[in-house]
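Any read-out appearing in this document is the output of simple, stated calculations on the displayed coordinates, not a laboratory observation. Given the structure is predicted, the values throughout are model-derived calculations rather than measurements. So basically every Cβ, Gly included, is an ideal-geometry build from the backbone, and we count neighbours across all protein chains shown.
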Amino acid sequence: MERTFIMIKPDGVQRGLVGEVISRFERKGFTLVGMKLMAVSRELAEKHYGVHKDKPFFAGLVEFIISSPVVAMVWEGDSVVASGRTLIGATNPISSAPGTIRGDFGITIGRNLIHGSDAIETAQQEIKLWFQEDELTSWEPSNKGWLYE
Ligand code: DAT
Ligand code: MG
């Protein structure tokens, strides 16, 4: 089963949208296999966004992510990486489609509420970066037969 790394950013936590985000992934049918609320260290934030280290927004992005707690999660399911990105919506919330998390709740790119891995390989790297093996729990949802043929 495919897994993806999803993080509710400080704005999502502060605005009381943790339940809303979890609910959207649950309703879709994905399975939660790991979750923790945490204060992110500068080191972890810089590693997580390492691919953007030369971008002008990098410093502000790191300051934002470490400014207040985030909720880190791992979700599992068929094609969950791409589908998670679809649920989240385009990077800039002002042009994210209505019905997506960013489209429904955000306005500006620097406060876009949520992170989701952008590819299967990235997901594997990010899950390893954010979670210890024993923090993830494999389990079989009892409604699996009603979600998958
Ligand atoms: P995504 O989060 O959709 O994968 P990304 O990987 O391109 O987007 O960028 C990571 C985060 O950096 C993004 O969620 C918000 C911030 N960011 C991206 N482009 C930005 C910009 N032009 N100005 C300010 N923040 C930006
Ligand atoms: Mg990205």
A careful count of residues in the range 57-72 that are more than 15 Å from the chain's Cα centre (by Cα), away from ligand 2 (no atom under 16 Å from the Cβ) and not acidic (Asp, Glu) gives 4
Where residue 40 falls short, out of the listed (1) within 19 Å of residue 23 (Cβ to Cβ); (2) more than 13 Å from ligand 2 (Cβ to nearest atom); (3) buried (at least 19 other Cβ atoms within 10 Å of the Cβ): (1)
Expected single match for farther than 24 Å from residue 108 by Cβ and in contact with a Pro (Cβ under 9 Å, 6 or more places away or on another chain) among 34, 29 is 29
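Out of 83, 95, which single residue is out of contact with any strand residue (DSSP E or B) (no Cβ under 7 Å at 6 or more places or on another chain), buried (at least 18 other Cβ atoms within 10 Å of the Cβ) and of a type outside the set (D, E, K, R)? So that I can check it myself, show each step before the final result.
On the way: 95 fails: buried (at least 18 other Cβ atoms within 10 Å of the Cβ).
Matching residue, one of 83, 95: 83.
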Within the range 74-93, of all residues that are away from ligand 1 (no atom under 12 Å from the Cβ) and part of a loop (DSSP other than H, G, I, E, B), the one farthest from the chain's Cα centre (by Cα) is 78
Taking residue 64 as meeting all but one of (1) without any contact (Cβ under 8 Å) to a residue 60 or more places away in the chain; (2) in a loop (DSSP other than H, G, I, E, B), write down the number of the exception. (2)
Which condition breaks for residue 11 when tested against (1) within 15 Å of the chain's Cα centre (by Cα); (2) within 24 Å of residue 128 (Cβ to Cβ)? (2)
Restricting the search to the range 107-142, which residues are within 15 Å of ligand 2 (Cβ to nearest atom) and farther than 18 Å from residue 45 by Cα? 119, 120, 121
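Looking at 117, 96, 41, which one is of a type in the set (S, T, N, Q) and more than 19 Å from residue 129 (Cα to Cα)? Talk me through it step by step, then tell me what you get.
Details: 117 fails: more than 19 Å from residue 129 (Cα to Cα); 41 fails: more than 19 Å from residue 129 (Cα to Cα).
Step by step, each of 117, 96, 41 is checked, and only 96 is of a type in the set (S, T, N, Q) and more than 19 Å from residue 129 (Cα to Cα).
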Flagged in the range 39-70 as under 18 Å from residue 111 (Cα atoms) and of a type in the set (A, V, I, L, M, F, W, C), in numbering order, are 39, 40, 45, 57, 58, 59, 61, 62, 64, 65, 66, 70
Of all residues in the range 19-61, how many are in a helix (DSSP H, G or I), in contact (Cβ under 8 Å) with a residue 24 or more places away in the chain and of a type in the set (A, V, I, L, M)? 4
Residue under evaluation residue 16, criteria (1) within 16 Å of ligand 2 (Cβ to nearest atom); (2) assigned to a loop (DSSP other than H, G, I, E, B), criterion not met: (1)
Could you check the range 1-53 and list, in sequence order, the residues that are in contact with a helix residue (DSSP H, G or I) (Cβ under 9 Å, 6 or more places away or on another chain), under 21 Å from residue 139 (Cα atoms) and among the basic types (Lys, Arg)? 3, 24, 28, 36
